[in-house]
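Below is one structure, written out as structure tokens; comments come after it.
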There are 2 protein chains.
Amino acid sequence: MKYAIGVDFGTESGRAVLVDVSNGKEIATAVYPYWHGVIDEKLPDTEIRLEPDWALQDPQDYVRVFKNTIPAVLKESGVDAADVIGIGIDFTACTMLPTKADGTPLCDLPEYRDHPHAWVKLWKHHAAQPEADKINETARAMNQDWLNRYGGKISSEWFFSKALQIVNEAPEIYKSADRLIEAADWVVWQLTGVETRNSCTAGYKALWSKDNGFPSTDYFASLHPELATVIEDKLSTDIVSVGQKAGGLSDQAAQWTGLKSGTAVAVANVDAHVAVPAATVTEPGRMVMIMGTSTCDMVLGTEEHIVPGMCGYVEDGIIPGYFGYEAGQSCVGDHFAWFVENGVPASYEDEAKKRGMDIHQLLEEKAAKLKIGESGLLALDWWNGNRSVLVDVDLTGMMIGMTLATKPEEMYRALIEATAYGKRIIIETFQKNGVPIHELVACGGLPEKNKLLMQIYADVIGLPIKVSASKQTPALGSAMFGAVAAGKGLGGYDSIYDAAKVMAHLKDEIYLPNPENQKVYEKLYAEYVILHDYFGRGANDAMKRLKEIKRTSRRGNK
Amino acid sequence: MKYAIGVDFGTESGRAVLVDVSNGKEIATAVYPYWHGVIDEKLPDTEIRLEPDWALQDPQDYVRVFKNTIPAVLKESGVDAADVIGIGIDFTACTMLPTKADGTPLCDLPEYRDHPHAWVKLWKHHAAQPEADKINETARAMNQDWLNRYGGKISSEWFFSKALQIVNEAPEIYKSADRLIEAADWVVWQLTGVETRNSCTAGYKALWSKDNGFPSTDYFASLHPELATVIEDKLSTDIVSVGQKAGGLSDQAAQWTGLKSGTAVAVANVDAHVAVPAATVTEPGRMVMIMGTSTCDMVLGTEEHIVPGMCGYVEDGIIPGYFGYEAGQSCVGDHFAWFVENGVPASYEDEAKKRGMDIHQLLEEKAAKLKIGESGLLALDWWNGNRSVLVDVDLTGMMIGMTLATKPEEMYRALIEATAYGKRIIIETFQKNGVPIHELVACGGLPEKNKLLMQIYADVIGLPIKVSASKQTPALGSAMFGAVAAGKGLGGYDSIYDAAKVMAHLKDEIYLPNPENQKVYEKLYAEYVILHDYFGRGANDAMKRLKEIKRTSRRGNK
């Protein structure tokens, strides 16, 4: 029996899963919550306060994940380290850090430890919006073709927004950094002792493409003179496709983990993207939805198409040999969590308690009893802006149709439906622009928890939805890439296609559209589209003006 | 010392207040909750179920109010019945019933007791919408001028909507009824033994005007042949102005109440309208807002003006000698009650309990700490439709601007602000159409309870707001009209103007607009107006289409 280990680095913790290579069975799991968690108030062991919108991490927490979870899964499973043929990792992205040439994080050096810019910038570090604006304006002014690949706008979360913030605010840190690197690639470096750069984060977060590489020196110079040679100075043009082997486990990493030196380590990957083959998808036409607080949608294509308002597409970005298209909704489960925290009366909490139910379960039960359309409610799913297809963080929520008889479960259902309408717009936009989609595969926390939501999605979108069998799809996907890094000769697989055939599974249940339900949702969706375009495409920019009033007000009403 | 008694007939109970005529001091109060309350499920002592939207009452409950509350205030105050010089009443409207020629309600006759149409139809009986539609369509088709007096549309709550429903659904009841009469006039009939019809309900609810009387026989015939001579057969063209004496107390009523036979009884009045002089207003330019679950706005004018979208104007309808203009918001306090019941999380209820506060108080406290505009929220105050200026029951609520950081107190405040914006549109519509307003006087439950709301109104509207000193303004107003019915010779007053000078008072506190606050609200109001017109004036009838989908859905989704 051969095994592979996948390590999934999340926002709050890292998780290792030990998987049977012959069938994908998850034998053992261990989780390590980061010691310093998300650093968003002050730097550890100091009184140095962070600005709002900052979110940092400690790179040593990632090393502690390896040291804690891998020995734990070996122990729990009783598997012999010699039978572990490969290891793969996936990470949140863009999560990046400055290091010295040997990989030492600047924040680990005493002279920089008190400097916020020396630490890891987590994906949800949102303080680089001015830099993102500059990047977008400059790209438009210089007619940069690559901007089209990203729906016409890049995010404050991405690599060069964060890098430019360092240049702007901490030039000494920028100068001292020999490397600026995705945390995904940095942890692989820690495992193998060799720096490798993966095609997924390079493509989706750092503006790289297989055909054209990175943006030009001229372009970077226009952002900031110091940034002109950032690629040559701090990055690498040697980008390795996901699905390749990064190297063998170093002696030091073998010591940390209890695995054998030389064990195959896969090229780094991103949590959402690595879930695609783990959800059985290695071909075009089947969109994977990773549904949690937000949702990431991924679909493969054989051709290159500009799809307006998407997050991006990258050749070899998800599965080698295909263009990987990514879209997303910035607020899905977060809507429901917000509602439960702020909008559910005590009487409902009492009822849930009495009946021994989770409050979400109670709301789902009540919402499931409603006929489609009977609440008269309609919402726009923009409590956290709109990622696709409007790409506008300044949009906000809207609900219409409330009466004095409106009940909490009706609003809860309207929020679920709103996210389904938002998903349908994404899917139709792909379809209209040459990226076919005929089936959906869901994974993540929500499909497990909320069957009502799944049926609503099927009815609103009009496509069948299957569900990934694994509850920890990213970790499984990383283990699959670990098995591919090992290769067939060592008991693994020669390609991710082969691995997916054996190791990835779907549940038996399928959510099929109900034609009667579809008819009613057709009418409601038509209303959604009108409001979506009215508030989202410039006819009435009330949401933006209200945000501007809000900003002014918070600055002091003057 | 002379006294007058005002009896205020509300939705759930009747209230008598004994007032010192020399200064308006309220000496004693007694409340009688109607035995049968609002009858909206089944007829008393039967299994006869009512349709949704029905709301009936038992006329004997009104008599019981006299029998219980007047002896109670005499006893509590120790006042000699001989010193009570007059009595006035006010009622909800249009609340109407069919009776025999001697005033006996049809529902009191054994042969009709099981017939829902024989009972009192309460103001909020909403089952006559088809009849209201017919009345409006026919009036438009026949170019009836009177329709303009009512903002172009009359309500299902009004007199002829209810009368036509009786004709349509229970022709035998209609035939058996010698009289169709406002409950306001019916209780005065019970006190005096003589039928009198007041100018207030005739004008505001039954399409009468001083110059033109009722609509024509032709018009009524077009509604229904049976209705052609409804005025001659069941009503009266002898309409007496408010401020007049209806008659003296009958021997029977003296026995019920403990008052002296012959005590002056004022012509009946409506709860909202009688509050105007009790709030010190007997001249143009000062609008009275009676603020509770809904709000009624009244202002006097010296000239006749068509003001689009108002509830109506009636010469001598509020104060003799003036045109009384009425507008209203169908949902004010009800918004906040809905929110507290459906949208406030358990953690807030816990906090309120711990601090010994009412939940409204807690929300007000939290909302008061917010800077204007800092929530980024904006709402349309249409949870129960829009009475003025859009006159459209099919409009529904809307809120925009929610984010994941939105808090309950922000939504609560947005609802308060929405009702203030709605009020401002009403005021501006009056002003633009020749009815000047330069000051507001508030009465009712809300101004007592919510100082934040009052300041928001002053800031949004930009006018000073004073507050009536009485907590039971309608009953005080009725007592004032009782003193006027008695006249100066008996220790009362010759006119309501004279009575108001002495008996009506304002609190010392005045809410003045804060210029800094006004600046921010100016911007928010501009956004409100755009959304008000977009959803309310036909650009996007989403609210109506969603209601239609809702109706279809409730009928069974087919």
| request: Kindly list, by first and then second residue, each pair from a residue in the range B:395-408 that is open to solvent by 10 Å² or more (accessible area, probe 1.4 Å) to a residue that is among the hydroxyl-bearing types (Ser, Thr, Tyr) and in a loop (DSSP other than H, G, I, E, B), limited to pairs with Cβ atoms under 6 Å and residues at least 6 apart or on different chains. | output: B:THR403/A:THR396
| Matching residues, the range A:305-333, being in a loop (DSSP other than H, G, I, E, B), out of contact with any Pro (no Cβ under 9 Å at 6 or more places or on another chain) and away from every other protein chain (no Cβ under 14 Å) | A:HIS305, A:ILE306, A:VAL307, A:PRO308, A:GLY309, A:MET310, A:CYS311, A:ASP316, A:GLY317, A:PRO320, A:GLY321
| request: Could you tell me which numbered condition A:LEU453 fails, if it satisfies all but one of (1) touching a residue at least 12 places away in the same chain (Cβ under 8 Å); (2) away from chain B (no Cβ under 14 Å); (3) more than 30 Å from B:GLY376 (Cα to Cα)? | output: (3)
| task | Please name all residue pairs, on different chains or six or more residues apart, with Cβ atoms under 8 Å, provided the first residue is in the range B:461-473 and is over 26 Å from B:THR92 (Cβ atoms) and the second residue is aromatic (Phe, Trp, Tyr). | result | B:PRO464/B:TYR511
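Here is a check on your reading of the model: is A:GLY243 open to solvent by less than 30 Å² (accessible area, probe 1.4 Å) and among the small types (Gly, Ala, Ser)?
Values: open to solvent by less than 30 Å² (accessible area, probe 1.4 Å): yes; among the small types (Gly, Ala, Ser): yes.
Spelling it out, A:GLY243 is indeed open to solvent by less than 30 Å² (accessible area, probe 1.4 Å) and among the small types (Gly, Ala, Ser).
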| said: Conditions first: (1) of a type in the set (Gly, Ala, Ser); (2) over 30 Å from B:PRO320 (Cα atoms); (3) surrounded by fewer than 17 Cβ atoms within 10 Å (Cβ to Cβ). B:GLY489 passes all but one, so which condition is the exception? | reply: (2)
| request: Could you list all residues from the range B:395-411 that are within 7 Å of chain A (Cβ to nearest Cβ), in a loop (DSSP other than H, G, I, E, B) and of a type in the set (A, V, I, L, M)? | output: B:LEU404
| task | Name every residue in the range A:526-549 that is more than 27 Å from the chain's Cα centre (by Cα), in contact (Cβ under 8 Å) with a residue 40 or more places away in the chain and over 16 Å from B:ALA526 (Cβ atoms), in order of residue number. | result | A:GLU527, A:LEU531
| remark: Of the listed residues (A:ARG545, A:ARG551), the one being more than 7 Å from chain B (Cβ to nearest Cβ) and farther than 23 Å from A:LYS423 by Cβ is A:ARG551
| note | Apart from one, (1) open to solvent by 10 Å² or more (accessible area, probe 1.4 Å); (2) modelled with pLDDT under 95; (3) more than 12 Å from chain B (Cβ to nearest Cβ) all hold for A:LYS466; the odd one out is (2)
| note | Taking the range A:535-546 and keeping only residues that are open to solvent by less than 40 Å² (accessible area, probe 1.4 Å) and either charged (D, E, K, R) or within 15 Å of B:MET402 (Cα to Cα) (or both), one is left with A:PHE535, A:GLY536, A:ALA542, A:MET543, A:LEU546
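Matching residues to (1) over 30 Å from A:ALA253 (Cα atoms); (2) more than 25 Å from the chain's Cα centre (by Cα):
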residue: A:MET142; (1), (2): yes, yes
residue: A:ARG149; (1), (2): yes, no
residue: A:PHE159; (1), (2): no, no
residue: A:GLN165; (1), (2): yes, no
residue: A:GLU169; (1), (2): yes, yes
residue: A:LYS175; (1), (2): no, yes
residue: A:ILE181; (1), (2): no, no
residue: A:VAL187; (1), (2): no, no
| query | Taking the range B:384-394 only, how many residues are open to solvent by less than 10 Å² (accessible area, probe 1.4 Å) and within 9 Å of chain A (Cβ to nearest Cβ)? | reply | 1
| Do we find a residue being in a helix (DSSP H, G or I) and open to solvent by 50 Å² or more (accessible area, probe 1.4 Å) anywhere in the range B:189-210? | no
| task | Might you let me know whether the range B:511-518 holds any residue that is crowded, with 18+ Cβ neighbours inside 10 Å and at the interface with another protein chain (Cβ under 8 Å from one of its Cβ atoms)? | result | no
| note | Here the residues within the range A:525-551 that are over 24 Å from A:VAL460 (Cβ atoms) and in contact with a Lys or Arg (Cβ under 8 Å, 6 or more places away or on another chain) are A:ARG545, A:ILE549
| query | Mind checking whether some residue in the range A:289-302 is within 14 Å of chain B (Cβ to nearest Cβ), at pLDDT 95 or above and within 30 Å of A:LYS153 (Cα to Cα)? | reply | no
| task | Examine the range B:334-353 for a residue that is of a type outside the set (Asp, Glu), in a strand (DSSP E or B) and within 14 Å of chain A (Cβ to nearest Cβ), and state whether such a residue exists. | result | yes
| message | Checking the structure you have, find out if any residue of the range B:430-438 is assigned to a strand (DSSP E or B) and open to solvent by 20 Å² or more (accessible area, probe 1.4 Å). | response | yes
| task | Test each condition in (1) open to solvent by 30 Å² or more (accessible area, probe 1.4 Å); (2) within 30 Å of B:ILE416 (Cα to Cα); (3) without any contact (Cβ under 8 Å) to a residue 60 or more places away in the chain for B:ASP233 and report the one that comes out false. | result | (2)
| said: I'm trying to understand the selection: among the residues of the range A:361-373, which are within 14 Å of chain B (Cβ to nearest Cβ) and open to solvent by 40 Å² or more (accessible area, probe 1.4 Å)? | reply: A:LYS366, A:LYS369, A:LYS371
| Filter the range A:72-99 for residues that are assigned to a loop (DSSP other than H, G, I, E, B) and over 23 Å from A:PRO59 (Cβ atoms); which is most open to solvent (accessible area, probe 1.4 Å)? | A:ASP80
| remark: Here the residues within the range A:305-322 that are crowded, with 24+ Cβ neighbours inside 10 Å and either farther than 28 Å from A:ARG537 by Cα or of a type in the set (S, T, N, Q) (or both) are A:GLY317, A:ILE318, A:ILE319
| remark: Of B:HIS505, B:HIS532, the only residue that is more than 11 Å from chain A (Cβ to nearest Cβ) and open to solvent by 40 Å² or more (accessible area, probe 1.4 Å) is B:HIS505
| the range B:255-304, residues that are more than 22 Å from B:SER199 (Cβ to Cβ), open to solvent by less than 10 Å² (accessible area, probe 1.4 Å) and assigned to a helix (DSSP H, G or I) | B:THR257
| request: Scan the range A:33-77 for residues that are under 25 Å from the mean Cα position of the chain (by Cα) and at positive phi and jot them down. | output: A:GLY37, A:ASP53
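Of the residues B:ALA418, B:ALA414, B:ALA475, which single one is at pLDDT 95 or above, assigned to a helix (DSSP H, G or I), farther than 26 Å from B:ALA504 by Cβ and touching a Ser or Thr at 6+ places or on another chain (Cβ under 8 Å)?
Within the list B:ALA418, B:ALA414, B:ALA475, the selection yields B:ALA414.
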| query | Would the range B:141-162 turn up any residue that is among the small types (Gly, Ala, Ser) and open to solvent by 30 Å² or more (accessible area, probe 1.4 Å)? | reply | yes
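The values are calculated or read from the model by the stated rules, or taken from the named source; none is laboratory data. For clarity, every value in this text was computed on a predicted model and none was experimentally measured. Cβ coordinates were reconstructed from backbone atoms using ideal geometry, including for glycine residues, and neighbour counts include every protein chain displayed. Heavy atoms of the whole protein, side chains included, go into the accessibility calculation; ligands, DNA and RNA do not. Shrake-Rupley method; radii C 1.70, N 1.55, O 1.52, S 1.80 Å.
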